[in-house]
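The values are calculated or read from the model by the stated rules, or taken from the named source; none is laboratory data. Since this is a predicted model, take the numbers as computed values, not measurements. Positions of Cβ are generated from backbone atoms using ideal geometry, with glycine treated the same way; all protein chains shown enter the neighbour counts.
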Amino acid sequence: MSEVLTFIPQWQILIFSGLFGAAWGSFANVVIARWPLEMSVVRPGSHCFSCQAKVRPWDNIPVLSYFILRGKCRHCGASFSLRYVFVELLLALFSVAVMQRALALYPDAPGWLLGTWLIWFAFIWALVVVAMIDLACWLIPDSIVLPGIAVGVAANALGLLPLGWLEPVVAAGIAYAGLRLLFIDGYQLLTGKPGMGLGDAKLLALFGAFLGYEGTLFALFAGAFQGLVVGLGMVLFRRRKGLDNEPVFEEDLGEDGAPTEPTDDRLRKAKVPFGPFLAAGAIEYLFVGEALIAHYTKWVFYLTLRWFS
């Protein structure tokens, strides 16, 4: 251990990283709430959206204030979404997890440890914010994804991440172009209907910039599988509730709000944004992806030998 880490017990480092993550989780909530409304994330300060009262510093402590106030505004009693405490807790846990990984990789190099921790936490922070915004309004913000691509390429080029400069650039370009050609423009050309959103292609380019080819493919397939499972679950739920014939898409409603006659089978499909599942796949790769790929490769090799033996 280096001199710096010798004088700071590891548990204190992990507690600091958790507090740091929770604080940035609080800012993430600001971005998630204000970006869809085209509001500044800096001004005005934290306030209740119902009564506009300012949130005092002692009522703005990440995680704790939510429970102290019982999830309600001190002034008007309006309820706050559970999302606030969920995001703060989630980012606190991710910050600790990334710090543990950085400590394992660079126990004797505080500079590299700090840089790796901050880069990976920034990546996860961006993915959590993107996923929450996509869930709320079906949009993936360019203002987060595009600068993130530049950060990922720069971090790899500078050695903070292990891929060098070439693979992130090529992986980001191929991920964006491939997804756009196959699932956006190509799907539109073949079916006449929009496929995936352009934001999903940009998000995949972000994965390429940080994770390279392997991580991007893992995130795509893991996200698609998880999205399929959730989508099928929603279809089954709708059927059990007798909602098969109720419109899922806003465009299936007439001007008076009444359902129009369905023109295709979309009413039987579950409408879910893909961004959160892609983000989940990327985070899963970061922590367990390489181990899962190694096990998968091992089993494929074993089954292939059994098949031909």
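Scanning the stretch 29-55 for residues being part of a loop (DSSP other than H, G, I, E, B) and among the aromatic types (Phe, Trp, Tyr) gives a total of 1.
For LEU146, state whether it is under 30 Å from GLY231 (Cα atoms), assigned to a helix (DSSP H, G or I) and not assigned by TED's automatic domain parsing to the domain that holds ALA23.
Working: under 30 Å from GLY231 (Cα atoms): yes; assigned to a helix (DSSP H, G or I): yes; not assigned by TED's automatic domain parsing to the domain that holds ALA23: yes.
Yes: the conditions hold for LEU146.
Does the stretch 179-190 hold any residues that are under 18 Å from ALA224 (Cβ atoms) and either out of contact with any helix residue (DSSP H, G or I) (no Cβ under 8 Å at 6 or more places or on another chain) or without any contact (Cβ under 8 Å) to a residue 24 or more places away in the chain (or both), and which are they? Spell out how you get there, then give the answer.
Our first condition is that a residue be under 18 Å from ALA224 (Cβ atoms); within the stretch 179-190, this holds for 179-184, 186-187.
Of everything in the stretch 179-190, those that are under 18 Å from ALA224 (Cβ atoms) and either out of contact with any helix residue (DSSP H, G or I) (no Cβ under 8 Å at 6 or more places or on another chain) or without any contact (Cβ under 8 Å) to a residue 24 or more places away in the chain (or both) turn out to be ARG180, LEU181, LEU182, PHE183, ILE184, GLY186, TYR187.
Residues are listed down the side, and each one gets a yes or a no for (1) assigned by TED's automatic domain parsing to the domain that holds TYR106; (2) under 27 Å from ILE140 (Cα atoms); (3) in contact with a strand residue (DSSP E or B) (Cβ under 9 Å, 6 or more places away or on another chain); (4) β-branched (Val, Ile, Thr):
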residue	(1), (2), (3), (4)
PRO9	yes, no, no, no
GLU38	yes, yes, no, no
ARG43	yes, yes, no, no
VAL55	yes, no, yes, yes
ILE68	yes, no, no, yes
LYS72	yes, no, yes, no
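All conditions in (1) in contact (Cβ under 8 Å) with a residue 12 or more places away in the chain; (2) surrounded by 13 or more Cβ atoms within 10 Å (Cβ to Cβ) hold for LEU232, with the sole exception of (2). Among the residues making up the stretch 25-36, those that are out of contact with any Cys (no Cβ under 6 Å at 6 or more places or on another chain) and closer than 20 Å to ASP142 by Cβ are PHE27, ALA28, VAL30, VAL31, ILE32, ALA33, ARG34, TRP35. Scanning the stretch 191-222 for residues that are polar (S, T, N, Q) and either more than 17 Å from LEU127 (Cβ to Cβ) or free of Cβ contacts under 8 Å to residues at least 12 places away in the same chain (or both) gives a single hit, THR191.
So that you can scan it fast, the table gives a plain yes or no per residue for (1) acidic (Asp, Glu); (2) without any contact (Cβ under 8 Å) to a residue 24 or more places away in the chain; (3) surrounded by 21 or more Cβ atoms within 10 Å (Cβ to Cβ); (4) in contact with a Gly (Cβ under 6 Å, 6 or more places away or on another chain):
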| residue | (1), (2), (3), (4) |
| --- | --- |
| PHE80 | no, yes, no, yes |
| PHE86 | no, yes, no, no |
| ALA104 | no, yes, no, no |
| TRP112 | no, no, no, no |
| LEU127 | no, no, yes, no |
| GLY152 | no, no, yes, no |
| GLY164 | no, yes, no, no |
| ALA171 | no, no, yes, yes |
